[in-house]
Amino acid sequence: MRLASLAELTVSGTVVTDGAWGTQLQERGLEVGACPDGWNLTRPEAVEEVARAYVEAGSQVILTNTFGANRFTLARHGLDGKVAEINRAGVEISLRAAAGRAKVFASVGPTGIMLMMGEVSPEDVQAAFEVQCRALAEAGADALVLETFSDPAEILLAVAAAQKTGLPVVACMTFDSGKDHDRTLMGTTPEQAAQKLTAAGVDCVGSNCGQGIEGFVKIAARLRAATDRPIWIKANAGLPEIIDGRTAYAQTPEGFAAAVPALVQAGAQFIGGCCGTTPEFIRAVKKKVEEAGLPEGGRAGQ
């Protein structure tokens with residue numbers, strides 16, 4: 001059955017989501033700079049392997065390999081003629097992996113276009129999001145997650161597009177700028193983001209990427225103070241380092257999970273990982289939720 005509202009999941013407590021996709025696909029052979037979303041058509045078994053690993057690690061919500069599957073981003077890889085096909089496949093892959101054990105929230109990322117430059121109209125950007133969101137919804141996604149946005153103008157266009165599907169909408173911005181790493185690249189604060197997104201009618205407000213989990217405790221608290229919507233947090237496994245030509249993350253699963261109780265106390269209700277996190281991180285988060293006696297949200301069948 002389709003998810004009527006996010007309250008079905010959060011009513012009883014903390015919901016554990018999934019971890020990184022891009023870095024997991026790179027471990028399976030995706031070249032840096034290549035199009036991850038294209039693997040939904042060319043390497044579906046590898047994509048499904050990532051999704052299933054998160055379900056088996058305890059994720060109650062998994063995303064889809066569709067972060068960059070809008071026509072502007074896909075055009076950079078010559079795939080703009082396959083927007084609907086790639087998005088539908090992304091949902092179908094995650095649904096197979098979930099097999100009823102987890103909800104599938106479809107990932108929608110930014111276009112990479114700077115709206116303020118005026119090269120593309122806001123109407124064209126919203127239309128691109130509408131095509132992507134419609135394909136995700138028609139394929140059976142339970143909700144839509146708008147993630148890693150830095151421009152409030154762009155995420156509001158994505159929100160408007162996502163809401164046309166009738167699915168619950170999670171809207172996340174990335175706070176990685178300013179001396180305290182509490183601003184988006186465009187200078188938006190957590191309070192401003194939460195207020196704008198709440199006014200736009202999203203079902204859940206959050207933040208992902210940009211920094212390690214310790215920095216998200218304050219961000220979660222500030223979002224919580226500025227909205228009555230559930231809070232979604234997906235932190236990186238620390239900041240990346242280049243070791244022997246490869247991107248590496250120093251954070252351990254146990255170190256990452258140690259911050260979970262503080263995140264919950266700060267108001268986070270959905271907790272997972274972003275860049276550099278793995279199924280082991282999600283397993284550690286799940287264990288910490290259980291050990292700390294934190295109430296867990298409902299699973300797919302509840």
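The values are calculated or read from the model by the stated rules, or taken from the named source; none is laboratory data. All values reported here derive from a predicted model rather than from experimental measurement. With ideal geometry, Cβ positions are generated from the backbone for all residues, glycine too; neighbour counts draw on all protein chains shown. The accessibility values were calculated without ligands, DNA or RNA, using every heavy atom of the protein model including side chains. Shrake-Rupley method; radii C 1.70, N 1.55, O 1.52, S 1.80 Å.
Quick check: anything in the range 47-57 within 16 Å of V170 (Cβ to Cβ) and within 15 Å of the chain's Cα centre (by Cα)?
No, because not a single residue in the range 47-57 is within 16 Å of V170 (Cβ to Cβ) and within 15 Å of the chain's Cα centre (by Cα).
Evaluate the range 67-88: report whether one residue or more is more than 17 Å from the chain's Cα centre (by Cα), touching a residue at least 40 places away in the same chain (Cβ under 8 Å), in a helix (DSSP H, G or I) and under 28 Å from V15 (Cβ atoms).
The answer is yes, given that some residue of the range 67-88 is more than 17 Å from the chain's Cα centre (by Cα), touching a residue at least 40 places away in the same chain (Cβ under 8 Å), in a helix (DSSP H, G or I) and under 28 Å from V15 (Cβ atoms).
Regarding L30, is this residue in contact with a Phe, Trp or Tyr (Cβ under 8 Å, 6 or more places away or on another chain), assigned to a loop (DSSP other than H, G, I, E, B) and of a type in the set (A, V, I, L, M)?
Working: in contact with a Phe, Trp or Tyr (Cβ under 8 Å, 6 or more places away or on another chain): yes; assigned to a loop (DSSP other than H, G, I, E, B): yes; of a type in the set (A, V, I, L, M): yes.
Considered against the rule, which asks whether it is in contact with a Phe, Trp or Tyr (Cβ under 8 Å, 6 or more places away or on another chain), assigned to a loop (DSSP other than H, G, I, E, B) and of a type in the set (A, V, I, L, M), L30 comes out as yes.
Of the conditions (1) under 14 Å from the mean Cα position of the chain (by Cα); (2) surrounded by 24 or more Cβ atoms within 10 Å (Cβ to Cβ), A193 satisfies every one except a single condition; which number is it?
Looking at each condition in turn, A193 falls short on (1).
Looking only at the range 33-60, which residues are of a type in the set (S, T, N, Q) and part of a loop (DSSP other than H, G, I, E, B)?
S59, Q60
Name every residue in the range 277-302 that is modelled with pLDDT of 95 or more and part of a loop (DSSP other than H, G, I, E, B), in order of residue number.
T277, T278 - these are the residues of the range 277-302 that are modelled with pLDDT of 95 or more and part of a loop (DSSP other than H, G, I, E, B).
Would you check if E130 is more than 23 Å from G272 (Cβ to Cβ) and in a helix (DSSP H, G or I)?
Spelling it out, E130 is indeed more than 23 Å from G272 (Cβ to Cβ) and in a helix (DSSP H, G or I).
Just to be sure I understand, how many residues within the range 112-144 are more than 18 Å from S5 (Cα to Cα) and buried (at least 23 other Cβ atoms within 10 Å of the Cβ)?
Final tally of qualifying residues: 4.
Please go through the range 225-266 and pick out each residue that is open to solvent by 80 Å² or more (accessible area, probe 1.4 Å) and either over 21 Å from T23 (Cα atoms) or in contact with a Leu (Cβ under 8 Å, 6 or more places away or on another chain) (or both).
Selection gives A225, D228, Q265.
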